[in-house]
Every structure is written in C-alpha cells, then in structure tokens.
Amino acid sequence: MGNKNFVTIEGIDGAGKTTIIDELKKIFLKDDKYFLKNKEVIFTREPGNSGNEFLLKTRDLIVNYDILPITELFLLQANRAEHIQKFIIPNLKNNKIVICDRFTDSTFVYQGLKGVKDQDIIITSKLATLDVNPKRTYLIDLDPKIARKRIIKNKRTTNKFDNYDLNFHQQIRKRYLQLAKKENKRFLIIDGNKKVNEIVEIIIKDLK
Ligand code: TYD
C-alpha cells in the first residue's frame, strides 16, 4: 500500500511532464509556497533534486555518462535513498503532499528494458525507499514520435536517454502501459495529446 500523500508522475521523455508540473506549480503558488486545499505541496524529481549537490552530481553521472545498466541502477538507487530518506519521508511525516517527477516505475521501465532483472530492481528499491511508495501515479501517455517532435520544437537540452532511437522509446511506452495495467488501482493513464490545461484539470480533480 502506498502513502496517500505521495504522488508520482511518469511518462516517456517529451510526454509533457515538466510542462504539466510547471502549470500545477503556478496554480498552487501562494506566498512562495505551494498549496492544495490548505495542505502544502512539495514538488521534486528523480533522479536528483535541485539544491542538493550529491543528488545533482549523481544525476549528472546517470544521465550523461555511458555506463552499464547495472551501474545506472546502483547510482539511481543511491540517489533515491538520499532523496527519499532525507527529503521525501520527512516531508510526508510533516503531513505535506509530495509530487515527484519519476520514481521507481522509471527504473522498472528504463533499466528493465536495458536488461536489469525485475528482482534486482525490487530488492534495491526496497533498500532505497524503505518501502515508502506512491499511492497515486499519473502516467502521461504519448506516442514517442510526437514526443520527439516536441523535444525538437522546444529546443530542450537533451541527455543520453533522449538520444536513444525511436524503437527504444516505443518499448518504454509499452512497458509503462503494461505496468499501469498490472497496477491499475495506483495508475491513472492520461492521454498526453490532451491540452495542458485539460491534463492539469484531470490531475487536480483526482488529487482532491
Ligand atoms: P528526466 O528528469 O525526466 O529528464 P529531463 O531532464 O529530460 O526532464 O529524467 C532523466 C532520464 O533519466 C530520463 O530519460 C529517464 C532516466 N531515468 C531512468 O532511466 N531510470 C530512473 O529510475 C529514473 C528516475 C530516470
């Protein structure tokens, strides 16, 4: 069972997660903090969280270096352990809502596709997260061809994952949809073709 104040957003690169989160931040902003129905909301992302040098450095190693999938797993879980145990869990204990851009589902999907065994991801995730998991996950689902066009159009800086071929991203999308089907109580699949404000409306309605 997941933690009811812990929410994650998942999807392929270019699906629109960042845009959606930026929009949520605008709506929730009040006196330099974010609120939903008087409850403070903390936004964060994996791998890495701004302002923490260890997280930023490990993030850089993960997304910019040509390393073995198993090395990616160890770095991701090290990053995650620091992130969840020192940042996410204390915020949840203070009764805040935590919205995280990517979490362990990304590991099952990306490192899983690269050949890391599910069992190894399960064990290391448990060690990193102390079994603290999201109760709700929004999967922004989009055709990788459209996602690619968006990345080019927005001239977003790319990392090594963005540069994998279309087939890779199609497999990633498929894995996300399989995961969402398997855990259909936790996942809410949202069509990434919808307008940003429509997606944001769906998420806010569901969060409430
Ligand atoms: P992200 O922050 O979404 O990239 P961007 O800077 O483009 O917004 O994530 C960086 C990459 O890390 C993404 O392509 C997927 C990858 N990733 C994994 O492979 N496994 C994981 O467990 C996580 C959290 C991310």
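The values are calculated or read from the model by the stated rules, or taken from the named source; none is laboratory data. Note that this is a predicted model, so its numbers are computed, not measured. Cβ coordinates were reconstructed from backbone atoms using ideal geometry, including for glycine residues, and neighbour counts include every protein chain displayed. Ligands, DNA and RNA are excluded from the accessible area calculation, which covers all protein heavy atoms including side chains. Shrake-Rupley method; radii C 1.70, N 1.55, O 1.52, S 1.80 Å.
Over the chain, with the other protein chains present, what is the accessible area per residue in square angstrom, probe 1.4 angstrom?
55
Net length available on complete extension from residue 130 to residue 66 is 20.2 nm, with 0.36 nm assigned per residue and the Cα-Cα distance removed.
Note on the chain: antiparallel DSSP beta bridges, both residues inside, total approximately 15 percent of the bridges counted. Annotation for the stretch 110-208: GluC sites (Glu not before Pro) lying in DSSP loop with at most 15 further Cβ atoms inside 10 Å of their Cβ are 183.
Using a 1.4 Å probe on the protein chains only, how many percent of the accessible area of the stretch 3-207 belongs to carbon and sulfur?
For the stretch 3-207, the apolar C and S fraction of the accessible surface comes to 52 percent.
Label the stretch 8-120 by shape, choosing from rounded, prolate and oblate, from the square roots a ≥ b ≥ c of the eigenvalues of the Cα gyration tensor; if a/c is under 1.5 it is rounded, and otherwise prolate applies when a/b is larger than b/c, oblate when it is not. Prolate, because a/c is 1.5 or more and a/b exceeds b/c. Annotation: amide H of residue 8 within the under-5 Å range of 100, 136, 137, 138, sequence separation 5 or more or interchain, hydrogens built in the peptide plane. Could you check which residue among 123, 151, 27 shows the biggest mean-square fluctuation in a GNM of the chain with a 10 Å Cα cutoff? Fluctuation is largest for 123. Take the convex hull of the alpha carbons in the stretch 3-207; its mean projected area over all directions comes to 10.9 nm². Taking packing as the residue-averaged number of other Cβ atoms within 10 angstrom, the listed peptides 95-106, 6-17 run from highest to lowest as 6-17, 95-106. Between 34, 164, 138, the Gaussian network model of the chain with springs among Cα atoms under 10 angstrom shows the greatest mean-square fluctuation at 164.
For the chain, the 222 nm mean residue ellipticity estimated from helices alone, with every DSSP H stretch of n ≥ 4 adding -39500 (n - 2.57) and the total spread over all residues, rounds to -14000 deg cm²/dmol. Rounded, prolate or oblate, given the Cα gyration tensor of the stretch 94-208, with a/c below 1.5 counting as rounded? Oblate.
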